[in-house]
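The structure under discussion appears below in the form of C-alpha cells.
The values are calculated or read from the model by the stated rules, or taken from the named source; none is laboratory data. All of these numbers come straight from a predicted model, not from anything done at the bench. Every residue, glycine among them, receives a Cβ derived from its backbone with ideal geometry; neighbour counts consider all protein chains shown. For the accessible areas, the whole protein counts, side chains as well, though only heavy atoms, and no ligand, DNA or RNA atoms are used. Shrake-Rupley method; radii C 1.70, N 1.55, O 1.52, S 1.80 Å.
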Amino acid sequence: LAEFEVQAKERCAAWGGRLIEANAEPDHVHLLIELPPTAALAEFVNALKTGTSRRLRTNLLKNLRLEIIKQYIQQQDRPDD
C-alpha cells in the first residue's frame with residue numbers, strides 16, 4: 001500500500017485535490033479523496049489506475065529481472081580455487 005499511497009497522493013495533488021485516507025485489500029483499494037468540483041471523477045480514476053498500474057508493473061518487472069539474473073549467477077559453476 002505504501003507505494004500506491006504515495007502515487008495516489010501525487011495524482012491527487014496534480015489534480016488539485018488531496019488523498020485523505022487509503023486502505024488496500026489484495027484485489028482492490030479504498031480511497032477517500034478530495035477533488036475540486038471542476039475535476040471529472042471518471043477521468044481522474046482512469047488516470048490514477050493507468051499511472052499506478054504502469055509504475056507498479058515496471059517496478060515488479062525490474063525486481064523480477066534482477067532476481068532472475070541473481071539466480072542465474074548463483075547457478076553458474078565456480079572456478080576451483
Report task. Report ³J(HN,Hα) in whole Hz for each residue of segment 55-70, in order, from the Karplus equation J = 6.51 cos²θ - 1.76 cosθ + 1.60 where θ = phi - 60°; Gly and Pro get x. Result -> 5, 5, 5, 4, 5, 4, 5, 4, 5, 5, 4, 4, 5, 5, 5, 4
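If you average over every viewing direction, what projected area does the convex hull of the Cα atoms of the chain give, in nm²? Intermediate results must be reported in sequence, preceding the final value.
Numbers: hull surface 29.5 nm².
Here the figure is 7.4 nm², rounded to one decimal.
Report the gain in length on full extension from Leu61 to Ala13: 0.36 nm times residue separation, minus Cα-Cα distance, nm rounded to one decimal. Please report the intermediate quantities before stating the final value.
Values: separation 48, 0.36 × 48 = 17.28 nm, distance 2.71 nm.
This chain segment gains 14.6 nm when fully extended.
Tell me, what is the FRET efficiency for Gln74 and Leu32 to the nearest 0.05, using R0 = 30 angstrom and their Cβ-Cβ distance as r? Can you show the working numbers first?
Details: r = 45 Å, r/R0 = 1.50.
Efficiency at R0 = 30 Å is approximately 0.10.
Which percent of the accessible area of the chain is formed by carbon and sulfur heavy atoms (probe 1.4 angstrom)?
54 percent
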Query raised in the report: How much accessible surface area, in Å² rounded to 10, belongs to the heavy atoms of Lys49 with a 1.4 Å probe?
Result: 130 Å²
Report summary line: Per-residue ellipticity at 222 nm attributable to helices in the chain (runs of n ≥ 4 DSSP H, -39500 (n - 2.57) apiece, nearest 500 deg cm²/dmol) works out to -21000 deg cm²/dmol
